[in-house]
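The next block holds one structure in the form of structure tokens; read it before the comments.
The values are calculated or read from the model by the stated rules, or taken from the named source; none is laboratory data. Since the structure is predicted, the reported quantities are computational estimates derived from the model, not experimental observations. As a convention, Cβ positions derive from the backbone with ideal geometry for all residues, glycine included, and neighbour counts pool all protein chains shown. When the accessible area is computed, the model is the full protein with side chains, heavy atoms only, and any ligands, DNA or RNA have been set aside. Shrake-Rupley method; radii C 1.70, N 1.55, O 1.52, S 1.80 Å.
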Amino acid sequence: QVQLTESGGGLVQPGDSLTLACVASGSSTSGRSSSNYGMGWFRQAPGKEREFVASISWNSGISHVAESVKDRFRISRDNAKSTIYLQMTTVKTEDTAVYYCVAGWNYWAIRSGTPELWGQGTLVTASS
């Protein structure tokens, strides 16, 4: 039983930076003990389809970032704190969306768009 809790969303001005965090709480062995366990971020903008943003493997640290934001976003993890982060720089108006933390026992399933666990989401609004 793992619960994902996002934080860090809010109103930011275009060009500024923002960091989102997601804490995985609950069982210390059921999910994170998997050799292929991973976490990541998806987002859904108003009127848009949900899209993959970034993912990271829990044990190896291998990560991927969507082509659309790879020059501005960075994903990282802190295993001791059971937390992942999404560091957003040079935020654009187009980045406005609800950002969802995700997790799963198959890292490649996350990459393909089918994570098993979802957080409730945190809203990021980039506006002047």
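Applying both filters, DSSP loop and at most 12 other Cβ atoms within 10 Å, to the trypsin sites (Lys or Arg not before Pro) of the range 76-126 gives 92. Spin-label pair residue 50-residue 74: with each label point 7 Å from Cα along the Cα-Cβ axis, the two points sit 2.8 nm from one another. The Cα-based radius of gyration of the chain, divided by its Kirkwood radius, gives an Rg/Rh of 0.95.
Net charge near residue 124, counting Lys/Arg +1 and Asp/Glu -1 over other residues with Cβ under 14 Å of its Cβ? Around residue 124, the surrounding residues sum to -1. Computed on the chain, with alpha-carbon pairs under 8 angstrom and 6+ residues apart, the relative contact order is 35 percent.
Sparsely packed loop sites in the range 43-82 (the GluC sites (Glu not before Pro) outside DSSP H, G, I, E and B with at most 14 other Cβ atoms within 10 Å) comprise 49, 67.
Taking all protein chains into account, the per residue accessible area for the range 20-128 stands at 48 Å² (1.4 Å probe). The aspartates and glutamates whose alpha-carbon is closer than 20 Å to the alpha-carbon of residue 81, local same-chain residues fewer than 8 away aside, are 6.
Counted residue by residue at 0.36 nm each, then reduced by the alpha carbon distance between them, the extension gain from residue 19 to residue 60 reaches 12.5 nm.
Taking a cut-off of 17 Å between Cα atoms, list the lysines near residue 48, but don't count ones fewer than 8 places away on the same chain. Here the lysines satisfying the reach criterion relative to residue 48 are 92. Per atom type, the chain shows carbon and sulfur on 47% of its accessible surface, probed at 1.4 Å.
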